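Beneath this line is the structure, given in structure tokens, with notes to follow.
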Amino acid sequence: MVNMQIMAVREIKKYPDPVLRRKTASVGAIDEDICRLIDDMVETMHAAPGVGLAANQVGVPIQVAVIDIGSHEEEGEKHSLVVLINPRSSPRKGPLWPRRAASASLISRKR
């Protein structure tokens, strides 16, 4: 029997939706629900189109993010998708990335 899972494009929450400011919870076990959420987030990110998406941007306040860094080869294998679960950051020294960041949760405004 083959487990055919259907992925869904979820609604991306827009600012000022409260879920975007809510503290996110750590992920305990990586179970079927988390795997389904990750699959849905990847579909949603690509449909947006975008290169990154956090779980709270689709209304789920947990510490999961997906990033499509583009294709590169490492030891003969192609890798482009990064999934972050319970990520931690550390202080950075030096200049920040010089480009402006874009977020699917921010409404574009023409100036």
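Here, each number is a calculation from the coordinates, and none is a lab measurement. Small disclaimer: the values here were computed from a predicted structure and weren't measured. When we count neighbours, we look across all protein chains shown, and the Cβ atoms used for this are built from the backbone with ideal geometry, even at glycine.
Key figures
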| quantity | calculated |
| --- | --- |
| Percent RCO, i.e. relative contact order, over the stretch 18-85, from Cα pairs under 8 Å lying at least 6 residues apart | 30 |
| Length gained when the stretch R92-A8 is fully extended (0.36 nm per residue, less Cα-Cα span) | 26.7 nm |
| Cα centre as origin, Lys/Arg/Asp/Glu Cβ charges: the stretch 18-85 dipole, Debye | 600 |
| Residue-by-residue Karplus 3J(HN,Hα) for the stretch 28-38, coefficients 6.51, -1.76, 1.60, Hz, glycine and proline x | x, 7, 8, 9, 4, 5, 5, 4, 5, 4, 4 |
| Amide proton proximity set for K13, modelled H, under 5 Å, gap of 5+ | V58, G59 |
| Pair V27, S103: separation of 7 Å Cα→Cβ label points (nm) | 2.0 |
| Residue exposure sequence - K93, K13, K23 - by fewest surrounding Cβ within 10 Å | K93, K23, K13 |
